[in-house]
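This report concerns only the one structure given below.
No value in this document is a laboratory result; all are computed from the given coordinates. Everything numeric in this text was worked out from a predicted model, so none of it was measured.
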Amino acid sequence: MQIHDLEFKIFLSAAQIQDRVQSIGAALTTQYEDKNPLFISILSGAFVFASDLIRSFNAPCEVGFVKLSSYKGTRSSGDVQTVMGLEKDLEGRHLIVVEDIVDTGRTLHFFLEHLRSQNPASVCTVALLCKPDALQFEVPIDYIGFEIPDEFVVGYGLDYDGLGRNLPDLLVKSEE
Ligand code: 5GP
């Protein structure tokens with residue numbers, strides 16, 4: 001499939017992703033059943049994963065969103081900024097941070113520092129995807145959906161310059 005100037009092929013099917021999301025949701029349900037956790041979805045890329053994950057969480061919970069950005073085109077730009085913050089009081093709350101993909105780890109590292117300064121009761125991190133070969137920051141990830149090679153992916157919420165977020169499968173850039 002062509003998106004803008006690049007060719008992509010299927011890497012993970014929608015069914016494979018759903019299986020993994022359901023099992024993470026079940027584990028989180030056991031862990032947070034009586035804790036009314038606050039899921040914090042990092043926008044924009046994690047919105048599809050977060051919407052499936054919270055619906056596989058079978059206990060009371062709340063959901064919030066934060067928009068951070070560090071990416072332009074297919075490479076990290078180096079800066080991380082909070083574009084849109086959380087309105088909820090995080091003190092004493094059990095937080096579950098939902099990220100689409102951990103690449104260098106910069107985004108999550110920055111955001112976890114920000115969260116810890118607000119005295120939550122606990123912080124758990126969930127990433128659908130992680131690129132271990134690209135990691136540059138030490139970040140604790142409690143639940144990883146899939147470890148993937150250091151290649152550019154789109155679909156299931158992730159975009160390539162605006163396109164591809166609506167694709168149900170995860171696609172990877174093809175070698176030319
Ligand atoms: P990090 O701060 O860990 O370097 O990058 C994390 C963010 O970069 C992710 O939340 C995601 O928005 C973006 N990103 C990293 N790798 C990819 C990728 O392969 N494809 C897309 N579409 N975005 C990516």
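Couple of notes before you dig in:
- Evaluated over the chain, the count of Lys pairs having alpha-carbon atoms less than 17 Å apart is 5 (only pairs 8 or more residues apart or interchain).
- Stokes-Einstein diffusion of the chain at 20 °C, 1.002 mPa s viscosity, Kirkwood radius from Cα pairs, rounded to a whole number: 130 µm²/s.
- Around the amide H of residue 39, modelled in the peptide plane, lie the amide H atoms of 62, 63, 64, 96, all under 5 Å away and 5 or more residues distant in sequence or on another chain.
- Per-residue ellipticity at 222 nm computed for the chain from its helices equals -7000 deg cm²/dmol, with DSSP H segments shorter than 4 residues left out and the rest contributing -39,500 (n - 2.57).
- Relative contact order %, the chain, counting alpha carbon pairs below 8 Å whose residues are six or more apart: 25
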